[in-house]
Amino acid sequence: MTKPQVQRTSVGSNAVSERLKLVRQDAELTLAEVAQRTGVSVSNLSKIERGEVSPSFDVVIRLCEGLGIAIEQFVTPGLKPTVSGRKTQTAHGQGVPFSTEQYTYLAHSTEISRKNMIPLEMWVTARSPDEFADWGQHEGEEFVYVISGEIEIHTDQYAPFRVGPGESTYFDSGMKHVYVCVSKNDAHILSVSYNPRGASAPVERFMHPSARPGRAEK
């Protein structure tokens, strides 16, 4: 599949910055209060809201948990809360794209809110761990399958290891981690993160007519 073309950090096109500001204002929270809830610094929050930086996937998770909103509310416009007996299907090329400086994402199954697993199709563009200001770290576990190309996974507990086409890895995502591409072309992977608290986010109180969810970073 062709990598989606996504603008990254320009003001107005960065839907995460718009969504974060809307959610914060709806909840009548200051940047300092959001920082206290999420562990994301006031300076970083301010830069995200202004569209100067793209938040990593892990920062988005922290924002969602701290603000009590499901990650799907950030990446899918007009998403409504779902009930039991759920089922969804994402057609070829119909996922929701978003990106960071290091990864391009295509989110699958975004019609279902408050779920424990987060399936993401990803293209790894980073070539060095030095490209990351912050390493990923989020509660739960993560499964990664390489579709094409090759990645090298760096963690704070193990030596770097490589995963090639048709290979997979499963690890505790509470470890700090980043993916870098070691193949000529950007690596294409499937990442499924398990968030044990994903289904507990009370999204209903954020479902206002003005809510305009958007995109995300790793």
(message) Which residue is surrounded by the most Cβ atoms within 10 Å (Cβ to Cβ), if the candidates are limited to the stretch 88-97 and must be touching a residue at least 24 places away in the same chain (Cβ under 8 Å) and of a type in the set (Gly, Ala, Ser)?
(response) Gly95
(request) Considering every residue within the stretch 123-142, establish whether at least one is within 15 Å of Ser193 (Cα to Cα), modelled with pLDDT of 90 or more and not in a loop (DSSP other than H, G, I, E, B). (result) yes
(request) Considering only the stretch 90-122, state which residues are of a type in the set (Gly, Ala, Ser) and either in a strand (DSSP E or B) or at pLDDT 90 or above (or both). (result) Ser99, Ala107
(message) Suppose we keep only residues that are among the β-branched types (Val, Ile, Thr) and buried (at least 16 other Cβ atoms within 10 Å of the Cβ) within the stretch 113-152. Which one would you say is farthest from Gly174 (Cα to Cα)?
(response) Thr125
(request) Return yes or no: is Thr100 in contact (Cβ under 8 Å) with a residue 60 or more places away in the chain, closer than 21 Å to Gly39 by Cα and surrounded by 20 or more Cβ atoms within 10 Å (Cβ to Cβ)? (result) yes
(request) Scan the stretch 42-87 residue by residue and report those that are at pLDDT 80 or above, within 22 Å of Ser193 (Cβ to Cβ) and of a type in the set (S, T, N, Q). (result) Asn44
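The values are calculated or read from the model by the stated rules, or taken from the named source; none is laboratory data. Because the structure is a prediction, the values reported are computed rather than measured. Glycine gets a Cβ as well: all are built from the backbone with ideal geometry, and neighbour counts include every protein chain shown.
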